[in-house]
Structures are given as C-alpha cells and as structure tokens.
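Below you'll find the structure, written out as structure tokens, and then a few comments.
The values are calculated or read from the model by the stated rules, or taken from the named source; none is laboratory data. As the structure is a computational prediction, the values presented were derived from the model and not from experiment. With ideal geometry, Cβ positions are generated from the backbone for all residues, glycine too; neighbour counts draw on all protein chains shown. The area values use the complete protein model at the heavy-atom level, side chains included, leaving out ligands, DNA and RNA. Shrake-Rupley method; radii C 1.70, N 1.55, O 1.52, S 1.80 Å.
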Amino acid sequence: MSDRSQRGKRGAAKAPEREDGRTARARVTKGRIIAAATELFTTAGYTGTSIGAIAAAAGVGEQTVYYAFGTKKAILAAALDQAVAGDDEPVPTLERAWVREALADPDPRSQIRRQIAGAGDIYLRAAALLDVVRSAATTDPDLAEIWATNIQQRLTVQRVFIEELTRKTPLAGGLTVGEATDVAVALLSPETYNLLVRDRGWEHSRWQEWAATAFTSLLTTLPAAPLPSSSPA
C-alpha cells in the first residue's frame, strides 16, 4: 500500500485537491508547449526547430520542456496525437463519438458521409503536421517510426469501417476487405488531401464531395452519386 493510503482523514481530504491542481497546471503547460511546437514544426520544420525555440515560444524554461516530454520526438508525437484527436483526452480514434455514430448508421451512404466528414475534420487540424512528419521521415529514423505508426493506425481504423460497410452493401468488383482497406487509406490519405486542398487550392468541401464520390464508386456497388459535403448533424 502507498503512503497516501495510510494518511488520516484530514490529509486524505486535502491530497486530491493538491494533486488535481498540479495535474491541471501540468496539462496547461503541456498544452502551451504542444501549441508552440506545432506552430514551429509547421513553419520552420522539424529539423529547424529546437527545444530552446519551443521553450521560448511557449514561455517556459527548457528544463520544463524536457521534464514534460523528454525529447523532441515525444513532443511531435504528442502534438500529432492531439491534432488528430482534437483534444488531449486519452480516447482512441475507434472509441470517438463520430466513429461510433458512423459505424452504427444503417445507411451505407450515410456511413461513408460521416466517415469522410470525420477524416476531413482530422485533416483540417492535422494535415500540415502530418506533412512535416512524412517529409522528414525519409531521413530521420525517429520520424520514420512515427510515420509508420500513423499509417498503421489509419489502416486499422479504415479496416473497421470497411468491415462494417460490407454488412450494409457489397464491395465492388470482388474486392477483399484488405484490398478495400488499402484503397480507402489511399483515398483518404493526408498526402491526397494536401495535394488537392493545399497545393491545388480545392475547397475543403470540394475535397469531401470528391472523396465521397470516389469512395462510393471504387469501393461499393452503390450508384456513384455525389454525397453531401456537410457534416451530419
């Protein structure tokens, strides 16, 4: 048993309040560091960003950054996780509300629409940071590991979506679940999103419409009618 469990009632009553306060302050500090690092990574690049620069931009000491994260790689990984999730809660993608709602939707078209809206929301937050990781992964083993993990995570999520979709409508052209998953990952990749939206100037909503039409046409036997680009209510 820990020393904390042995304290008297008075001490036990105060401990949670002090601990909660420390936890809250630590979370705020980590959030400032992540926000500063994200800005620097996406403007100066990963190699061009130092721990000192992150600390200065966050308004904390370098030692605070090292204490909170340990390494620059860990900062990037945390920043990417938060950008993908949209918050700092430790909830996996497959347990997020938008994923559960998409999977539970009985209409295959509506599932696709929700799925693409969710992916689009992620890329609005994380596409620039994902491009930093992808660009540096060819020369930095630490970033290569983060990039490989991200690809595997996307494959895992898309396979769950595809498996659920097959319960609602047949896959096109004799595609296996594995093949359909690969196509889904390619269609809904950050590389494709950045190419069309950032480099070619497409509106985000146009990307959603294109992705929904391409997804439906390539992966299902449903008529390839364009799907609405707006997120479901």
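Does Thr169 fit the bill of being assigned to a loop (DSSP other than H, G, I, E, B), within 22 Å of Ala44 (Cα to Cα) and of a type in the set (S, T, N, Q)?
Spelling it out, it is not the case that Thr169 is assigned to a loop (DSSP other than H, G, I, E, B), within 22 Å of Ala44 (Cα to Cα) and of a type in the set (S, T, N, Q).
When you look at Gly11, is it modelled with pLDDT under 95, closer than 16 Å to Arg125 by Cα, open to solvent by less than 50 Å² (accessible area, probe 1.4 Å) and not in a loop (DSSP other than H, G, I, E, B), yes or no? So Gly11 fails the test.
Checked against (1) in contact with a Leu (Cβ under 6 Å, 6 or more places away or on another chain); (2) modelled with pLDDT of 95 or more; (3) under 25 Å from Thr47 (Cα atoms), Trp202 meets all criteria but (3).
The set of residues in region 79-112 that are over 18 Å from the mean Cα position of the chain (by Cα), open to solvent by 60 Å² or more (accessible area, probe 1.4 Å) and touching a residue at least 60 places away in the same chain (Cβ under 8 Å) comprises Pro106, Asp107.
Could you say whether any residue in region 57-69 is of a type outside the set (D, E, K, R), open to solvent by less than 50 Å² (accessible area, probe 1.4 Å) and under 30 Å from Glu209 (Cα atoms)? Among the residues of region 57-69, not one is of a type outside the set (D, E, K, R), open to solvent by less than 50 Å² (accessible area, probe 1.4 Å) and under 30 Å from Glu209 (Cα atoms), which makes the answer no.
Please go through region 38-71 and pick out each residue that is in contact (Cβ under 8 Å) with a residue 40 or more places away in the chain, out of contact with any Leu (no Cβ under 7 Å at 6 or more places or on another chain) and assigned to a helix (DSSP H, G or I). Correct list: Ala68 only. Being crowded, with 21+ Cβ neighbours inside 10 Å, in a helix (DSSP H, G or I) and not small (Gly, Ala, Ser) holds for only one residue in Val132, Val160, Val183, and it is Val132.
Residues of region 150-177 being in contact (Cβ under 8 Å) with a residue 24 or more places away in the chain and among the polar types (S, T, N, Q), which ones?
Listed by number, the residues that qualify are Asn150, Gln153, Thr156, Gln158, Thr169.
The one condition from (1) touching a residue at least 60 places away in the same chain (Cβ under 8 Å); (2) among the β-branched types (Val, Ile, Thr); (3) open to solvent by less than 30 Å² (accessible area, probe 1.4 Å) that Ile122 does not meet is (1). Among all residues of region 141-155, there is at least one that is surrounded by 13 or more Cβ atoms within 10 Å (Cβ to Cβ), touching a Phe, Trp or Tyr at 6+ places or on another chain (Cβ under 7 Å) and part of a helix (DSSP H, G or I).
On the given criteria, is Gly86 small (Gly, Ala, Ser) and touching a His at 6+ places or on another chain (Cβ under 8 Å)? Criteria not met by Gly86.
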